[in-house]
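S.K.: Handing you a structure now.
FYI, it's all coordinate maths here, none of it is from the lab. Everything quoted here is computed from the prediction, not taken from an experiment. Glycine gets a Cβ as well: all are built from the backbone with ideal geometry, and neighbour counts include every protein chain shown.
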Amino acid sequence: MAKPEKVFKMGGVRASIFRNTITRNGEEVDLPKVVIEVRYRDKSGQWQGTNSLSLNDLPKAVTALQQAYEYLLGEGATRAPSTASGSDKDSASPASGSKGPRNYAPRVTTWNPGQSL
């Protein structure tokens, strides 16, 4: 598996950000993906990973996912794909008129773990 761009850890829960670059209509489009995983030791003491979360893991997952979301909206949203040439044009925000990666982040309000629903 490819190495994640960024990992946010909260206890045994981690949210890892990966980048997929696809070509759509002749244009490279950067699609960030977030993988959530819980790390634990099994009965023999070996580290394992699962995508099944317990009740105690939920607040940790919310926090890790919130951090990943904020990262993607901020500095990570306009990061050029790793296959890009690395020029300033590639890392510019699409709003500036350049052909940088598109930001597909939805426009939603953020939720803090201490906030009631």
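S.K.: In region 24-40, how many residues are over 24 Å from Ala61 (Cβ atoms) and of a type in the set (Val, Ile, Thr)?
M.R.: Going through region 24-40 one residue at a time, the tally reaches 1.
S.K.: Could I ask something else about it? Hey, which of the strands (runs of 3 or more DSSP E) in region 1-62, taking only ones fully inside, have at least 1 residues that are small (Gly, Ala, Ser) and under 27 Å from Glu75 (Cα atoms)?
M.R.: 13-24
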